[in-house]
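Quick notes on the structure that follows.
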Amino acid sequence: MGYGAALIAGILWGLTPWLPVSDSGNFATSLLSGFTGYGGYFIPAYLGALMAALYHFRNEISEGLRRLLFRDVRVEMKFLFYSSMFTILVGFVLYAGLKARLSPVMADAVNAVVGLLIMLCAFAGPLAGNINVEMKGHPDDPSLMDAIVSGIAQGFAAVGGLSRPVLTVGSLLAGGLRAKRALELSFMMAPVFMTLRLLFTGSPPTPPMPVAFSAFLTAFVVSLLLMNGLLMLAEKLGNRRFSLLFGGTAVLVCVVGVII
């Protein structure tokens, strides 16, 4: 283990929490088959991505907590509460009880199927849009249904190999939210799942602090840049084109993973 492995870990876990790519799928494992030791930096790298999400939403979190003191709960905080509750319920059962894990090939295949559904929504429209619209005060407001479905979907990402972004963004797009809004909410709810995953991670060998910090910092910077870039891309491309790109990436990753 060294700085090279730490850099790879920082890039891997700075990208995969936000992209429709599994960190343990066939594509990632095949691509990194020639490298060793980076798994030992999972915890500092994943912590870097987690801190990046909290930093990205620092203003929203502080404003939400301030309003909570005056019992003026924002719709995002309600969404975060209910989605987190269902993420913890489902994720805890899967992590602590079933400990389910898909093979790398099967993981990418399942992610690709969800990616195809996302692409289908780009043409056919949201799967639950007509039902869900009655539960919204504003088209961009996540409903209780959005919170429950996306929370359950995020919990199922505890099945090893499944991509959290594919499941959460896909469920939110299916509920009729715009692509950029679905991304924002997916990023916002990520820290709960990421914390849960860290809690159920074993105790790998402790790397030297300077090297571990380089993995943390790399993942933090990569995550911040990627989240901002994805949000700008969703705004520029619009719902249909971004949904095609996001879902198509999951499909492409599956195909390329088989080829290489």
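How far is helix 58-69 tilted, in degrees, relative to the longest principal axis of the Cα atoms in the chain, given as a value from 0 to 90 rounded to the nearest 10?
50
Between (1) 56, 39, 35; (2) 53, 46, 39; (3) 100, 39, 29, which matches Cα extents along the principal axes in Å calculated for the structure shown?
(2)
Go ahead and set up a Gaussian network model of the chain, Cα springs under 10 Å, then flag whichever of ALA53, ALA212, ALA100 fluctuates most.
Maximum among the listed residues: ALA100.
Specify the angular offset, from 0 to 90 degrees and rounded to the nearest 10, of the alpha carbon long axis of helix 3-15 from the longest principal axis of the alpha carbons in the chain.
For 3-15 against the chain, the angle is about 20 degrees.
Just need the relative contact order of the chain here, percent rounded to a whole number, with Cα pairs under 8 Å and 6+ apart. Numbers along the way, then the final one.
Details: 432 pairs, mean separation 100.8, N = 260.
Rounded, it is 39 percent for the chain.
If I build a Gaussian network model for the chain, linking alpha-carbon pairs within less than 10 angstrom, which residue out of PRO210, PRO191, PRO165 has the largest mean-square fluctuation?
PRO210
At 1.4 Å probe radius, can you tell me the per residue accessible area of the chain in Å²? Before the final figure, lay out the partial values.
Values: 12410 Å² over 260 residues.
Value for the chain: 48 Å² per residue.
Quick check: with the 1.4 Å probe, what order do PHE187, PHE92, PHE216, PHE123 take by accessible area, largest first?
PHE123, PHE92, PHE216, PHE187
Expressed as an acute angle from 0 to 90° and rounded to the nearest 10, what is the orientation of the C-alpha long axis of helix 209-259 relative to the principal long axis of the chain?
50
If I compute solvent accessible area with a 1.4 Å probe over the protein chains, what percent of it on the chain is carbon and sulfur? Working shown, then result.
Details: 8680 of 12410 Å².
Of all accessible area on the chain, carbon and sulfur atoms account for 70 percent.
Go ahead and set up a Gaussian network model of the chain, Cα springs under 10 Å, then flag whichever of ASP108, ASP141, ASP23 fluctuates most.
ASP141
Under a 5 Å amide H to amide H cut-off, with H placed in plane at 1.01 Å, what residues pair with ARG101 once short-range neighbours are removed?
GLY160
The values are calculated or read from the model by the stated rules, or taken from the named source; none is laboratory data. Just so we're clear, the structure is a prediction, and the values are computed from it rather than from any experiment. Heavy atoms of the whole protein, side chains included, go into the accessibility calculation; ligands, DNA and RNA do not. Shrake-Rupley method; radii C 1.70, N 1.55, O 1.52, S 1.80 Å.
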